[in-house]
Amino acid sequence: MTDVIAYNASARDAEVQESPLLAKLNVARRQLAAPFAAERVDLIAGVAETLLGPRQPTVSGPAAHFAFWTRRAALAKIAANFAARVPQNTLARPRGLVFHLPPQNVETVFLYSWALAYLTGNANIVRLPQEISTRMRAIVDLFLDRLAAQGDTSQLFVHYPSQGNLGAKISAMSDARVVWGGDAKVALFAPLPLRTGGKSIWFGDRFSFSTINGAALDKLDEPALRAVAKKLHNDVFVFGQMACSSPHALYVIGDAEAHHAGVRRLLDASALEWTIDDPKAHVGHAIGKMTAAFYAAGTGRASSVNWQNTHLTSVVASAPERQDIRVGGGFLSVVFIRSLDQVPSFIRESDQTITYFGWERAEIEAVAASRIGPGVSRWAPIGTALDFDFIWDGYDIPFELTRLIRVS
């Protein structure tokens, strides 16, 4: 039998055995709610209000993103959007039990899919990593305390060893499974069966990049440039450049000779944002970024290396070609290309988000529409790369986690 750590209210964690846990899941699956039931919206919004409230330590980074996304007004918009899209003569109902497997590198991201699964009325079980940060545990505890106060036992947060077949048993009982964490993790769970009619949602390895209008960048005065630099900093820095939507390359439209200085100004200003936000750079990351930069230069892929400071390293590509260097922690490849119309030619199936600056929305819509094949599920302005949306990686998550019932 496999020992399982069950996370409980007031941090009263307890060891449970497989059989009692599976029995709890059977009970939880019968404790469902209508999508966006008032008591569930109140619970999520209440936690957001606590996180953003004056009595909490300053909430920043990933926790602040989640709290802002789940504030009451934002949830009301999501609920209204969901209701408006349910077809006439149709009822939306929860799928049942949803099994969540969070990633290791971006620990708060699973909260978004869990929150949407909870809001759409589902029971949920989350297998948390063995090690979670103090901040992450505090957020989980806020939810557990409120669930306990309501007498709601439909939401389980657990940890169990990866050895053994407990994950397979939970999958077999689940109506949906949400896997975050890369292609290797997806491949590990893909063969595991779900309950008949079950739905698998996969968030595997993804790559993201930006496109910048060089001419528009050159026209910015210093205050406007600093504003764009801060937005770029936020896209790259908040999750250590490890989120699936964090950009790793800048495709600059325009001549390198004409616009190199403007790009350098942008990167220098972004580097200053790093210094303000986190004055001490991680030595390992700094060395890794320099090694990758000089390797790119030594192999002819980069024509120059820019070392703004230990926080931000960039290379200028020697040719207008696709760049896939992914180091993290503040590393960007700069590629100068002739026109925005070239961007779709760089897209690959594993790409997720393209952020942009200096283009009208109609121009971006036209370029996005020109791409028929797979690859890229988001085009978003620079500064919003990490803004989670209920449509993510091509999934309409609320509808993926509900079933539709026709009444004719």
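The values are calculated or read from the model by the stated rules, or taken from the named source; none is laboratory data. Predicted model only: the values in this text are computed from it and were never measured. Every residue, glycine as well, gets a Cβ built from its backbone with ideal geometry; the counts of neighbours run over all protein chains shown. These area figures cover heavy atoms from the full protein model, side chains too; ligands, DNA and RNA do not enter into them. Shrake-Rupley method; radii C 1.70, N 1.55, O 1.52, S 1.80 Å.
Structural size metrics of segment 335-380, computed from C-alpha coordinates, are Rg and Dmax of 10.1, 26 Å.
Distance between the modelled labels on Ala73 and Ser304, one decimal in nanometres: 4.4 nm (7 Å Cα→Cβ projection).
Given axes a ≥ b ≥ c from the Cα gyration tensor, I'd like to know whether segment 164-279 is rounded (a/c under 1.5), prolate (a/b larger than b/c) or oblate. Show your work: numbers first, answer last.
Values: a/c = 4.13, a/b = 2.87, b/c = 1.44.
Prolate.
Sort 324-331, 400-407 for me by packing, meaning the mean count of neighbouring Cβ atoms within 10 Å per residue, highest on top. Please list the in-between numbers first.
On the way: 324-331: 19.1, 400-407: 15.4.
Per-residue mean Cβ counts within 10 Å order the peptides as 324-331, 400-407.
Among Lys219/Lys289; Lys24/Lys199; Lys77/Lys185; Lys185/Lys230; Lys169/Lys199, which pairs are too far apart, with a Cα-Cα distance over 25 Å?
Working: Lys219/Lys289 30 Å; Lys24/Lys199 21 Å; Lys77/Lys185 33 Å; Lys185/Lys230 33 Å; Lys169/Lys199 16 Å.
Going by Cα-Cα distance, Lys219/Lys289; Lys77/Lys185; Lys185/Lys230 fall outside the 25 Å limit.
By DSSP, the beta bridges lying fully in the chain are antiparallel in about 30 percent of cases. According to the Cα-based calculation, Rg over Rh for segment 71-145 is 1.03, with Rh computed by the Kirkwood formula. Here the accessible area of segment 35-166 is 53 percent carbon and sulfur, with a 1.4 angstrom probe and all protein chains present. Span-like helix criteria (full DSSP H runs; alpha carbon extent of at least 27 Å along the helix axis; mean Kyte-Doolittle hydropathy of at least -0.5) are satisfied in the chain by 256-277. Rolling a 1.4 angstrom probe over segment 273-408 with all protein chains present gives an accessible area of which 55% lies on carbon and sulfur atoms. Each residue of segment 210-218 was assigned a 3J(HN,Hα) from its phi angle through the Karplus curve 6.51 cos²θ - 1.76 cosθ + 1.60 (θ = phi - 60°); the sequence is 10, 10, 10, 7, x, 5, 5, 4, 5 Hz, with glycine and proline shown as x. Probing with 1.4 Å while keeping every protein chain in the model, the per residue accessible area of segment 204-261 equals 37 Å². In the chain, a dipole from Cβ-located charges (positive for Lys and Arg, negative for Asp and Glu) runs towards its positive end, and of Ser246, Asn105, Ser154 it is Ser154 whose Cα lies farthest in that direction.
Computed with a 1.4 Å probe over protein heavy atoms only, the accessible surface of segment 72-138 comes to 37 Å² per residue. Database remark: amide H of Ser304 closer than 5 angstrom to the amide H of Val316 (H placed geometrically; neighbours at sequence offset of 5 or more, or on other chains; Pro and chain starts carry no H). Cα-based values for segment 1-159, radius of gyration first and Dmax second, are 15.8, 49 Å.
Think of each Lys and Arg Cβ as +1 and each Asp and Glu Cβ as -1; about the Cα centre, that makes the dipole of the chain roughly 980 debye. The computed Cα Rg over 2.2 N^0.38 Å for the structure shown corresponds, within (i) 0.96; (ii) 1.09; (iii) 1.05, to (iii).
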